[in-house]
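The values are calculated or read from the model by the stated rules, or taken from the named source; none is laboratory data. It should be emphasised that the depicted structure is a prediction, and the values quoted were computed from it without experimental measurement. Glycine gets a Cβ as well: all are built from the backbone with ideal geometry, and neighbour counts include every protein chain shown. Note: areas computed on protein heavy atoms with side chains; ligands, DNA, RNA excluded. Shrake-Rupley method; radii C 1.70, N 1.55, O 1.52, S 1.80 Å.
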Amino acid sequence: GHVIGMFTKEATYKLGLTGTPVTSKPSQLADLARTLDVEEKHMHKKTFFVAEKGSGERSLRKESVKEFHKHVVDRVGIEFLDLPPRVVHLVKYDPFVGLLPDGTTDAEAVQNHNDALTIAQRLAGMLEASGRALEANEDKWGEEQRRAFSAIVKLGHMEFSSELGKHGAKAFENDPSLYEKAAAVPSQVMRLILRLVRSRQELGHARIVVFCESTTQLRILRLFLADKGVGMLYLFDGKLKANDRHAMVKDFLECDRGVMLLSSAGSLGITLCPGCEVLISAGSLPWNATTVDQAFGRIYRIGQNKPVEIIQLAAERSVTLTKLGLHNDKRDRLAKAAADEDFSNFVEGDNKWRMTMDILRSCVPLDA
């Protein structure tokens, strides 16, 4: 952005093209205005787009967004592009936390899950009773907020792997043998991913993308899939250098059969089509809906020449399923307001905005 800004300040004419004007914060509109060196200099300031606390506008200054559109924006919808059809499936499944390959249940894993949930719900009750929402003050989280957040993360890990939920991602970094242990006891979602990959490959879709925000979960999945006959496996994470990223994408799109395990590091800036038309989203979801949408866009963009299928997996009564609901809420509010001046779902005083508490309310204890 800084380098582009150097050019725009010297340019007579400036044209910026963006598929996603805002990913998470209204202040990012100011980033665009500053990068393009918009003549209305007050738009360069982030405070111009963020409402004062207590104003009732719930973070976003509507009049500022309207002014931004008046002076800067021309909107072009996806209907102007010649893209093939796209279908998105939501597949719900029972997580069966702790279910072992022989059909017995790991009682310790179930108890571990329930203990984490009980603590989190108790903390949530304390926060709610004191009138402090979980995200009431993002800059100064208290101990209760941090502990409740950590419990939510742990519950998300539990959906993917009991071992991961038990030990945490940091422990896997320190003890690589935990990856082997987790892969040897595949969870329901890991088995479901394998079934989906095999079925889509049998239907002629040789190359499949599996998107997951957690690199730890992707590494467990890679070990699980390694001997399952699904072809070459590619792990696209933040550790890849630019040249390696380019080479990996090229190899994936040219392989006879393969699976790319895509982390958030690959959800922006790469093109995985033509050559791939199926994406499975699984495991821990980002808090920001746009990250998921951007991942979907890796295979559904200009250049795609075949119908696209996207499969979102979510465990019943889980952290992931409730996060999806929050994602829809954010899409209906901030994204529509920033992109289209559509404030119909962004009403004043509506407490549905960032209702992270719903995540803990929706989860239930497990039995054998």
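SER64 meets all of the listed conditions (1) open to solvent by 60 Å² or more (accessible area, probe 1.4 Å); (2) hydroxyl-bearing (Ser, Thr, Tyr); (3) part of a helix (DSSP H, G or I) but one, namely (1). Within region 284-297, the set of residues being assigned to a loop (DSSP other than H, G, I, E, B) and open to solvent by less than 10 Å² (accessible area, probe 1.4 Å) comprises LEU285, PRO286.
Could you say whether any residue in region 133-145 is in a helix (DSSP H, G or I), modelled with pLDDT under 80 and open to solvent by 60 Å² or more (accessible area, probe 1.4 Å)? Within region 133-145, one or more residues are in a helix (DSSP H, G or I), modelled with pLDDT under 80 and open to solvent by 60 Å² or more (accessible area, probe 1.4 Å).
Considering only residues in region 339-367 that are assigned to a loop (DSSP other than H, G, I, E, B) and modelled with pLDDT of 75 or more, the one that is most open to solvent (accessible area, probe 1.4 Å) turns out to be ASP367. Name the residue that is nearest to CYS276 (Cα to Cα), counting only residues in region 215-260 that are among the polar types (S, T, N, Q) and open to solvent by less than 40 Å² (accessible area, probe 1.4 Å). Checking each candidate, the answer is GLN217.
On inspection, ARG245 passes the criterion of being among the charged types (D, E, K, R), touching a residue at least 12 places away in the same chain (Cβ under 8 Å) and part of a helix (DSSP H, G or I).
Residues in region 81-97 include at least one that is modelled with pLDDT under 90 and under 30 Å from VAL38 (Cβ atoms). Does SER55 satisfy being at pLDDT below 90, open to solvent by less than 50 Å² (accessible area, probe 1.4 Å) and among the small types (Gly, Ala, Ser)? Taking the combined requirement at face value, the residue does not satisfy it. Scanning region 98-117 for residues that are modelled with pLDDT under 90 and either open to solvent by 70 Å² or more (accessible area, probe 1.4 Å) or among the β-branched types (Val, Ile, Thr) (or both) yields one hit, PRO101.
You will find that of ALA242, ALA289, ALA226, ALA335, the residue that is more than 18 Å from the chain's Cα centre (by Cα) and modelled with pLDDT under 90 is ALA242 and no other.
Among the residues making up region 168-180, a single one is buried (at least 17 other Cβ atoms within 10 Å of the Cβ) and more than 18 Å from GLU213 (Cα to Cα): LEU178. Of the residues in region 90-100, none is part of a loop (DSSP other than H, G, I, E, B) and farther than 30 Å from LEU164 by Cα.
Being open to solvent by 100 Å² or more (accessible area, probe 1.4 Å), modelled with pLDDT under 90 and closer than 29 Å to ILE270 by Cβ holds for only one residue in LYS14, LYS25, and it is LYS25. Looking at ARG191, is it part of a helix (DSSP H, G or I), open to solvent by 20 Å² or more (accessible area, probe 1.4 Å) and without any contact (Cβ under 8 Å) to a residue 12 or more places away in the chain? It is true that ARG191 is part of a helix (DSSP H, G or I), open to solvent by 20 Å² or more (accessible area, probe 1.4 Å) and without any contact (Cβ under 8 Å) to a residue 12 or more places away in the chain.
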